[in-house]
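K.L.:
This is the structure I have questions about; it appears just below.
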Amino acid sequence: TLASCEKGIEVEPSYPSNYHMASIYYSKHSNEKIWGLLYGELFINLERGSEKTSEISKLLYDTYKSSIIIKHGGQSIVSFSKSNIINLSGNSKKIKFPFSMPFEMTMALSITSELENSNLGISSLNNIRTSFINNWYQNKRNKEYPNILFDWHKKLIGLNYFEPYNYWLLMKGNEEEFNAWYSNNSDSFDNFIKWFTNNPLKIDKRNDFHRLQYSR
């Protein structure tokens, strides 16, 4: 069940299968696609090169494509979550917004450069994801909503590896675009893979992520 998968993620954060199942559930069978994205990307980082990895790569791509709608004329819709429950602490002056609210607000801000592009591909998603991280940290969202995946993205941006990482992550969603990009960026991609092989995202009990950490 989903509950046992998420308990497994909390108890044994380095075990990939729970992330795989949770990602599929949230991406395909719920309105809370935000968790499908996060769990799916963590899964791909934990289990590289399997058939399941290819499956989730395409799932992530398709989920972004279905959750960010850019219409002709620059109108856009961002919808990764339907959750709008606001928690009040004992001191009602401090309002705790659900993680999905700043996530979607930051995502809406981050798609502005792509509003003329109604057919999002890996290139556009790379631009959006890069802008998202820059906006997230500029607005200090990381202080209230710590996230190991976003910290990882920020590190990759600092190393100039985020673009090849995004192409690696999403390649199965659009293999034709990946191949065209790779033919012009093979050195950049190969250098990233060489570095990435020796410097994976470490996920363990001291460096973990699970959905419930934001509701406590």
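The values are calculated or read from the model by the stated rules, or taken from the named source; none is laboratory data. All of these numbers come straight from a predicted model, not from anything done at the bench. Glycine also receives a Cβ, built like all others from the backbone with ideal geometry; neighbour counts cover every protein chain displayed. Only protein heavy atoms, including side chains, enter the accessible area calculation; ligands, DNA and RNA are left aside. Shrake-Rupley method; radii C 1.70, N 1.55, O 1.52, S 1.80 Å.
K.L.:
For the pair residue 17/residue 184, report the inter-label distance in nm, with labels modelled 7 Å from Cα in the Cβ direction.
P.N.:
4.3
K.L.:
Separate question: Could you point to the label whose value was computed as P(r) over Cα pairs in 5 Å bins from 0, in percent for the structure here, given (1) 1, 7, 12, 13, 12, 11, 10, 9, 8, 6, 5, 3, 2, 1, 0, 0; (2) 1, 6, 13, 16, 17, 15, 12, 9, 6, 3, 1, 1, 0, 0; (3) 1, 7, 14, 19, 22, 18, 11, 5, 2, 1, 0, 0?
P.N.:
Recomputing P(r) over Cα pairs in 5 Å bins from 0, in percent here gives the entry labelled (3).
K.L.:
So how far apart, in nm, are the two label points at residue 176 and residue 140 if each is 7 Å from Cα heading toward Cβ?
P.N.:
Simple spin-label model gives 4.7 nm for this pair.
K.L.:
Using a Förster distance of 30 angstrom, determine the FRET efficiency expected from the C-beta separation of residue 159 and residue 2, and round it to 0.05.
P.N.:
It comes to 0.30.
K.L.:
Solvent-accessible area of residue 187, probe 1.4 Å, all protein chains present, reported in Å² to the nearest ten, please.
P.N.:
Number for this one is 110 Å².
K.L.:
Right, something else. With a ≥ b ≥ c taken as the square roots of the eigenvalues of the C-alpha gyration tensor of the stretch 1-88, please select rounded if a/c is under 1.5 and otherwise prolate if a/b is larger than b/c or oblate if it is not?
P.N.:
oblate
K.L.:
Of the listed peptides 52-60, 189-197, what is their order by residue-averaged count of other C-beta atoms within 10 Å, with the highest listed first?
P.N.:
52-60, 189-197
K.L.:
Another one. Calculated from DSSP H runs of 4 or more alone, at -39500 (n - 2.57) each and per residue, what is the 222 nm mean residue ellipticity of the chain, nearest 500?
P.N.:
-19500 deg cm²/dmol
K.L.:
Projected onto the charge dipole of the chain (+1 at Lys/Arg Cβ, -1 at Asp/Glu Cβ, origin at the Cα centre), which of 125, 213, 72 gives the Cα projection farthest towards the positive end?
P.N.:
213
K.L.:
Where the centroid of each part is defined by its Cα atoms, how far is the stretch 193-216 from the stretch 7-86 in Å?
P.N.:
Taking the Cα centre of the stretch 7-86 as reference, the centre of the stretch 193-216 is 15 Å away.
K.L.:
If you don't mind, there's one more thing I want to ask. What is the stretch 92-164's relative contact order, in percent, from Cα pairs under 8 angstrom and six or more apart in sequence? Please report the intermediate quantities before stating the final value.
P.N.:
Working: 30 pairs, mean separation 22.2, N = 73.
Computed value for the stretch 92-164: 30 percent relative contact order.
K.L.:
So, one more: Provide the packing ranking of 120-128, 136-144, 9-17, i.e. peptides ordered by the mean count of other C-beta atoms within 10 Å per residue, highest first.
P.N.:
Ranked from most to least packed, the peptides come out as 120-128, 9-17, 136-144.
K.L.:
With a 1.4 Å probe and all protein chains kept in place, how much accessible area does residue 203 have, in Å² rounded to the nearest 10?
P.N.:
Its heavy atoms expose roughly 10 Å² to the probe.
K.L.:
Lysines within cross-link reach of residue 96: Cα-Cα under 20 Å, excluding same-chain residues under 8 positions apart?
P.N.:
Cα-Cα hits under 20 Å: 82, 140, 143.
K.L.:
Carbon and sulfur: what percent of the stretch 1-89's accessible surface (1.4 Å probe)? Don't skip to the end; give the middle numbers.
P.N.:
Details: 2310 of 4250 Å².
About 54 percent, which is the carbon plus sulfur part of the accessible surface.
K.L.:
Per q in 0.11, 0.20, 0.22 Å⁻¹, report the Debye log10 I(q)/I(0) for the stretch 59-182, using one uniform scatterer on each alpha carbon and no solvent.
P.N.:
After summing over all Cα pairs, the log10 values are -0.42, -1.23, -1.39.
K.L.:
Multiplying the sequence separation of residue 51 and residue 194 by 0.36 nm and subtracting their Cα-Cα distance, what value in nm do you get?
P.N.:
49.3 nm
K.L.:
When a/c reaches 1.5 or more, the comparison of a/b and b/c decides; with that in mind, is the stretch 1-50 rounded, prolate or oblate per its Cα gyration tensor?
P.N.:
Numbers: a/c = 2.01, a/b = 1.20, b/c = 1.68.
Note, shape of the stretch 1-50 comes out oblate.
K.L.:
Below 10 angstrom from the Cβ of residue 205, what's the summed charge of the other residues (Lys, Arg +1; Asp, Glu -1)?
P.N.:
-3
K.L.:
Quick one: give the max-minus-min coordinate of the C-alpha atoms of the stretch 112-154 along each principal axis, largest first, in Å.
P.N.:
That works out to 33, 17, 12 Å along the principal axes.
K.L.:
For the chain, what does the relative contact order come out to in percent, with C-alpha contacts under 8 Å and a separation of six or more?
P.N.:
Working: 249 pairs, mean separation 48.4, N = 216.
In percent, rounded to a whole number, it is 22.
K.L.:
Shifting gears a bit: Looking at the square roots a ≥ b ≥ c of the eigenvalues of the Cα gyration tensor of the stretch 112-216, which shape do they give, rounded for a/c under 1.5, prolate if a/b is larger than b/c, or oblate?
P.N.:
Oblate.
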